[in-house]
Each structure stands twice: as C-alpha cells, then as structure tokens.
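Here's the structure we're looking at; comments come further down.
The values are calculated or read from the model by the stated rules, or taken from the named source; none is laboratory data. The structure presented is a predicted model; accordingly, all values stated were derived computationally and were not measured. Counting neighbours? That spans all protein chains shown, and the Cβs are built from the backbone with ideal geometry, glycine included. All accessible areas refer to the heavy atoms of the entire protein, side chains included, with ligands and DNA or RNA removed. Shrake-Rupley method; radii C 1.70, N 1.55, O 1.52, S 1.80 Å.
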Amino acid sequence: MSEVIGNHIIHKYLRHNKKFPHVLCPGCGHGIALGALIRGVHCLGLEKDDVVIVAGIGCSGRLAVYVDFNTVHTTHGRALTFATGIKMAKPNLNVICIMGDGDALSIGGNHLIHAARRNIGITALVLNNNIYGMTGGQCSPTTPHGSFSMTSPYGQLEKGFDVVDLVRAAGANFVARGTSFHAQQLDKLIIQALQHPGFSMVEVVSPCHTQFGRKNKYKGPVDMYKWLKKSATPLERYEELEPDKREGRFPTGVFVDNDLPGLEEQYQALKQKMRGQAK
Amino acid sequence: MAVGRKKKHKELFAQGNEAVVEGALLAGCNFYGGYPITPSSEVMEIMAQRLPKTPDGVFLQMEDEIASLGAVIGASLAGCKAMTATSGPGFSLMQEHLGYACMVEAPLVLVNVMRGGPSTGLPTSPAQGDVQQARWGTHGDHSVIVLSASNVQECLEMTITAFNMAEKFRTPVILLLDEITAHTREKIIIPREDEYEVFNRVVPTMPPEWYKPFEETVRGVPPMPPIGSGYRFHVTGLTHDANGFPTSRPEEVVDLIGRMFRKIDQFLPQVSLTEEYLCEDAEVCVVAYGSVARSAAYAVDQARERGVRAGLLKLKTLFPYPRAATEKVMGHARAIIVPEMNMGQMSREVKRVNNGKTMVRALNRVDGQIITPSEILKAIMQV
Ligand SMILES: Cc1ncc(C[n+]2csc(CCOP(=O)(O)OP(=O)(O)O)c2C)c(N)n1
Ligand code: SF4
C-alpha cells in the first residue's frame, strides 16, 4: 500500500473520450483530492465496474465526469440520497460520494447527518474550500468567522461548522480529515475510508485561491498551500498543544474508527431472517 | 376435469392506498423510499411490511421527500423498479428531482395522494389541487405522464400501468390520486399472472464499448443497463450528448430535448387512457377524473332518467392531455361540464383543446368537500 504511484496510473482511470482540459482553475486543490481517490481505488485493486462515484453540484461535483467509473452527477446537496438508493439496491458496489462544503453542509446538511446516523456503507469525500467556488465565492457554512466573501463583504459574522465534529456526532463509523497539500496522508486516509464498513467520511481541506484566497490574505495557490502546510497538525500533536497554541491550526488524521455493520448489511441480514421464517 | 381450469381470483377488501401497493408488487416494484405524509402514509406503511418479505425488495424511510426521490432515482439507475408516495407539500419538495429524473430518463413511479392546499392546507380532506403541479412543477420544458384512478380497483390497475409506462418510456410517471379514492375501502380483485402485462426496461445487448446511454433509437428510448453491470457511463442533470457528457452545443441540446418529448408524444394513443360512458349520443358531456368521475357517472344516469342525453368522459391519463378523446365527445356535445376539486386546473386544459367551439362549464369546489352527484346533475340540467 505504501507503493508510490505516478501519474501514469491516474491516466488509466481518466476518460479520454471526455474533452479535456477540465473545468478546474490551475492550482485548485480538488484535482489533488481526485488523484488521491484514484490512487486509493487502484491500491485496493477495485474493479472500475464496481466503483460508483456520485457527486453533487459545485466545482467538486464536476470531478465525476473525468473518471472512468460509473459516475452520477446529481443535484446540489443531494448526492448522498442518490448514493443511498444505489447502495441499498446494489450493496456490493463501492459507492463514493464527492461533495463540496456548501453541497454537503448547507443544502445537504440534513442528508449528511442522516447518512452518518444510518451508517450506510458509503464513502463520502467532503472537499472543503470554505467557500462556494462554482457560484463565484459566496460564504459557505464553513467560512471561518471574520473572513471575507462575496456575501460577507464586511467579514463573516456566523461561526463555521466543523465537519468532523458534526459527522462524528451523527454516528459515522469512520471520520478523518486530510488536506490536498498532504497528498500521501490523504491517500492513506481514503484507503482506510474505502475499506471501512458503514458510513465513512474524509474531509479534504482543499484550497480555492480563486474565490476564497483572493478575498482573504492569500495571493495565489502557493500562499494557500503554505497555509495548509503550516496549519494542518496531526491529531496526536494537536492534542498535546496548549489551547493558545492551537489558534490558527486544525487537526488532521483519523477521528473515529469503528466497525459497526453498515445499514445495507443489516438489511441483508433481515432479509435472510425473513426468508428463513417464510420457509 | 380440473385440467385447464383457471385458479380462482384472490379478492381483497382494501383501500386505494393498499391497492397501490398490490399493483406495485404485481408490476415488480422492488424499491420504496419515502417520507410519511397524510393521506398517502398507508402506502409507505404497507410497503414497510411487504417489501422485506419479497426476494429482492428494499424499503427505506428517508429523512425527507427530497431524499426519498433521490434514493428512488439512485435505485432506478441501479436497476430497480422503484417508487415513492407522497402528498401535496411532499410533492412540492420532490420537484427538483422530478426534473432530474426526466433529464436522466430514470423510470420510476411517484404516487401523489392530493390534499387541500396551498401549503399544509387541508391534510385529510379531498382535493385535486396538484394537477398543474404534476404537469409543470419542475422547471424547464419536458414531457410528462400523469395518470389517475377513480376507484380502488383502478388504483391497482393504474399502478401497474404506471410502472409499465415508466419502464417503456424511461421516464418518471406520476399517479395522482385524491383522498377519497385513497381511503375508500371496497372489494378488489387481484388479477392472475396471465391477466396483466408487465413491461421491463430494455437493457443493452451490444458490447459496452459500443453503448451510448442517451442515443437516439427508433422508439426514442435508449436501452438502460443497471449501474455496475459492465456498462460504465456518466449520468448528469446537465444537458448532455448521446454519451451522457455535458454539452451546450445548440444542435445537441435540441436533439436531447426533442427526443425526450418525442419518445412519449409519438405514442400518444397508447399513453392517453380514457373511458367513455354513454358518450355516443351525449348532448351534454361531463369530463372528470378521480373520485369526481364516480359522482359524475351517477349524475349522468340520473340525467338520462330525466330525459337528458348526458355522458361521461373519464380521464385516466391526465397528461399528455387526452386531446383526441376530448375532441371526439366535443364533436357532438353541445356542452361540456368539468367538475373538479380545484379552481379549474383541468377545465383549463379542456378549454384549450376546445378552443372556443363548445360551451365548457367548470364546476369547482375547494372547501375540502366531495363534489356530489346532485351538484353535477344540477349543472347538467342547467346547460
Ligand atoms: C438547488 C440549487 N441551489 C443553488 C445552486 C447553485 N450552486 C451551484 S454550485 C453551488 C455552490 C458550490 O459550492 P460548494 O458545494 O462548496 O462546492 P465548490 O464549488 O466550492 O467545490 C451553488 C450554490 C444549485 N445548483 N442548485
Ligand atoms: S473556483 Fe475554486 S474550487 Fe472552483 S475550480 Fe477554481 S479554485 Fe477550484
């Protein structure tokens, strides 16, 4: 699993009949997250036909079109609902949801907590860039207090969600956070998430210099990746820090690691039982 | 000799909502995702009991109606015959996904047991206020199939029809019921296996490399493989080309939208279901649907007893609006009466088809009360 995979592997998973270039800005963190997902799928030896990518709407949602799996580009915020139907209908498929922070936490917040509560066997990637990228940089539910956006021109007054806390509290089996700067760690987190039963969520802190950086203190992609390098702190180290030293940092790593059976497994067990009774 | 003798029919004393479940299971429904709302909840409750007992049935209670239809579309893409049931406010929440289902051509059945509105309205009172919402609720131009039923037996039959049309045309089909039909109990006969047709979607047979998920065909309906069966393709609510990839090239946009209309419109005679009662010589014709059609049939009988040649055109398909059948009765009737439990959502369609030729009289009620035979009779005698 520690094998280092070059770009030539990624090319095997791209759709070459789809017109490139892609829609992402140069330097966007979303491409790195997609790369990590592909490497994860490759490392685990999953068949393309057994992987379904269900994406929402946003820059993050556009990723699905480029990869040669079964791909479903759904409606804004609702990717998890479609994925739930697919997973229950075909429990053997590896169902992966890609969502933005606006997608997953604002319009789709209800579906996110319920997918976690249900513990359905979906792997969710929340690409958190703290902003609505595709619609031009309005604030999202993760925009930090005090930062600027098209709809918080005087500084955001609301407090942002912590995705990890939220999904953990809702009852997911596996909850982790990585960044698109720490690509190797991200590969590992995604591989773990893909192997977990039940609902697993990886938050990927992913920079949007075009919409978020521009309005805040980051001049370009390089500044944003420097910020990620500086602030992302492995969970164990983060916990040892004095509270005042935590300012400006966020923990990364695995926050929840349980093995409870997924909803689809429990449902199959129920069906077995019913069949036994019917005989 | 007993050889060749047909098995006796199974009979049930059931309400409309139960009949919907019976019909769905006969049609092969194996996925239900929903959220409870009166007066449709019994559909969901009975599905919760029945589906886990079927070989491949899945039942899910979702967190809301948006999620319900999302899950239903997902299951449909994965090869299931999937359905949900709801009422007014829930139907409103489903509209975005209804448009998505049209766009990705996902077969599914959506039962809407109408209640009074707008908003939370009159939860358990009869109404027919969602007729135009069913036609135009989602944004954009799209064809649509909306069916209805006027008694419990028909609830069963029209649910089977809804599944068959959904699969045949790769499209969502809406079954609009009213509270009276959904909650009335009467004897129904469960058809034997050889007495009804079940249509399953056409799956591709060509090698996966050749398959184009949204390609034109003779019937306008591309074959549809279940997700995970070796045909990998992209599904999107964005306007897409034959391969399923987003496009904004005008000719490709026109091709897609055109085909989505054509695949239903070219089969209008198959899709437009109506029933005529004493229409041949009718000088006054009532056009009605749902439970109102029952009151109307009774009123027609009474009018005949009084020497007025009355008839009834019952609409079982509401959309595409059954123009041909309506034009036929208009050809000889001097007046058309359209009673309905709304402010005139269907009489508007009748007037549109009629285009000023015949007198069209609307009879409307929005107070949560039944339209009685005597009200309709009065209208017949007046014109
Ligand atoms: C129902 C609905 N409301 C609003 C929109 C408009 N919209 C498109 S993308 C988007 C936000 C995307 O932000 P996010 O989910 O954070 O993803 P990002 O683009 O940043 O990756 C919005 C509001 C929509 N498509 N559908
Ligand atoms: S707008 Fe932001 S999120 Fe969208 S592609 Fe550009 S950098 Fe990425």
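The set of residues in segment B:69-105 being within 10 Å of chain A (Cβ to nearest Cβ), within 16 Å of B:THR138 (Cα to Cα) and touching a Phe, Trp or Tyr at 6+ places or on another chain (Cβ under 8 Å) consists of B:GLY70, B:ILE73.
Within segment B:260-282, which residues are among the acidic types (Asp, Glu) and closer than 30 Å to B:ASP241 by Cα? Selection gives B:ASP265 alone. Scan segment A:55-69 for residues that are in a loop (DSSP other than H, G, I, E, B), more than 9 Å from ligand 1 (Cβ to nearest atom) and open to solvent by 10 Å² or more (accessible area, probe 1.4 Å) and the total you get is 1. As a summary of the residue check, A:GLY253 satisfies the conditions (1) exposed (fewer than 12 other Cβ atoms within 10 Å of the Cβ); (2) at positive phi except for the one numbered (1).
Residue count for segment B:231-246 under the criterion of being open to solvent by 20 Å² or more (accessible area, probe 1.4 Å) and more than 25 Å from the chain's Cα centre (by Cα): the result is 9.
Counting only helices (runs of 4 or more DSSP H) that fall entirely inside segment A:124-235 and contain at least 1 residues that are touching a strand residue (DSSP E or B) at 6+ places or on another chain (Cβ under 8 Å), more than 18 Å from A:ILE98 (Cα to Cα) and hydrophobic (A, V, I, L, M, F, W, C), the qualifying elements are A:221-231.
Exactly one condition in (1) in contact with an Asp or Glu (Cβ under 8 Å, 6 or more places away or on another chain); (2) within 27 Å of B:TYR211 (Cα to Cα); (3) crowded, with 24+ Cβ neighbours inside 10 Å; (4) within 10 Å of chain B (Cβ to nearest Cβ) is false for A:GLY77; which is it? Unmet for A:GLY77, out of (1) in contact with an Asp or Glu (Cβ under 8 Å, 6 or more places away or on another chain); (2) within 27 Å of B:TYR211 (Cα to Cα); (3) crowded, with 24+ Cβ neighbours inside 10 Å; (4) within 10 Å of chain B (Cβ to nearest Cβ): (2). Only residues that are open to solvent by less than 10 Å² (accessible area, probe 1.4 Å) and not in a helix (DSSP H, G or I): list them for segment B:145-173, please. Hits for segment B:145-173 are B:ILE145, B:VAL146, B:LEU147, B:SER148, B:ALA149, B:SER150, B:ARG170, B:THR171, B:PRO172, B:VAL173. The number of residues in segment A:125-146 being within 12 Å of A:LYS215 (Cβ to Cβ), near ligand 1 (Cβ under 8 Å from one of its atoms) and among the hydrophobic types (A, V, I, L, M, F, W, C) comes to 1. Tallying residues that are crowded, with 24+ Cβ neighbours inside 10 Å and in a helix (DSSP H, G or I) within segment B:45-64 yields 1. Being crowded, with 24+ Cβ neighbours inside 10 Å and of a type in the set (Ser, Thr, Tyr) holds for only one residue in B:SER68, B:SER119, and it is B:SER68.
Screening A:ILE113, A:ILE107, A:ILE131, A:ILE86 for residues that are open to solvent by less than 10 Å² (accessible area, probe 1.4 Å), on the phi < 0 side of the Ramachandran plot and within 14 Å of chain B (Cβ to nearest Cβ) leaves exactly one candidate, A:ILE86. Hey, among the residues in segment A:64-103 that are within 15 Å of ligand 2 (Cβ to nearest atom) and in contact (Cβ under 8 Å) with a residue 60 or more places away in the chain, which one's nearest to A:HIS30 (Cα to Cα)? Looking at residues that are within 15 Å of ligand 2 (Cβ to nearest atom) and in contact (Cβ under 8 Å) with a residue 60 or more places away in the chain, I get A:ILE98.
For B:PRO269, state whether it is over 24 Å from B:LEU77 (Cβ atoms) and either within 8 Å of another protein chain (Cβ to nearest Cβ) or open to solvent by 40 Å² or more (accessible area, probe 1.4 Å) (or both). Yes.
If you check B:SER119, B:SER125 for being in a loop (DSSP other than H, G, I, E, B), at positive phi and hydroxyl-bearing (Ser, Thr, Tyr), only one passes: B:SER119.
Restricted to segment A:14-36, and to residues that are away from every other protein chain (no Cβ under 11 Å) and away from ligand 2 (no atom under 16 Å from the Cβ), which residue is most open to solvent (accessible area, probe 1.4 Å)? So, considering only residues that are away from every other protein chain (no Cβ under 11 Å) and away from ligand 2 (no atom under 16 Å from the Cβ), the one most open to solvent (accessible area, probe 1.4 Å) is A:HIS16.
Restricting attention to segment B:22-39, the residues that are assigned to a helix (DSSP H, G or I), in contact (Cβ under 8 Å) with a residue 40 or more places away in the chain and of a type in the set (A, V, I, L, M) add up to 3.
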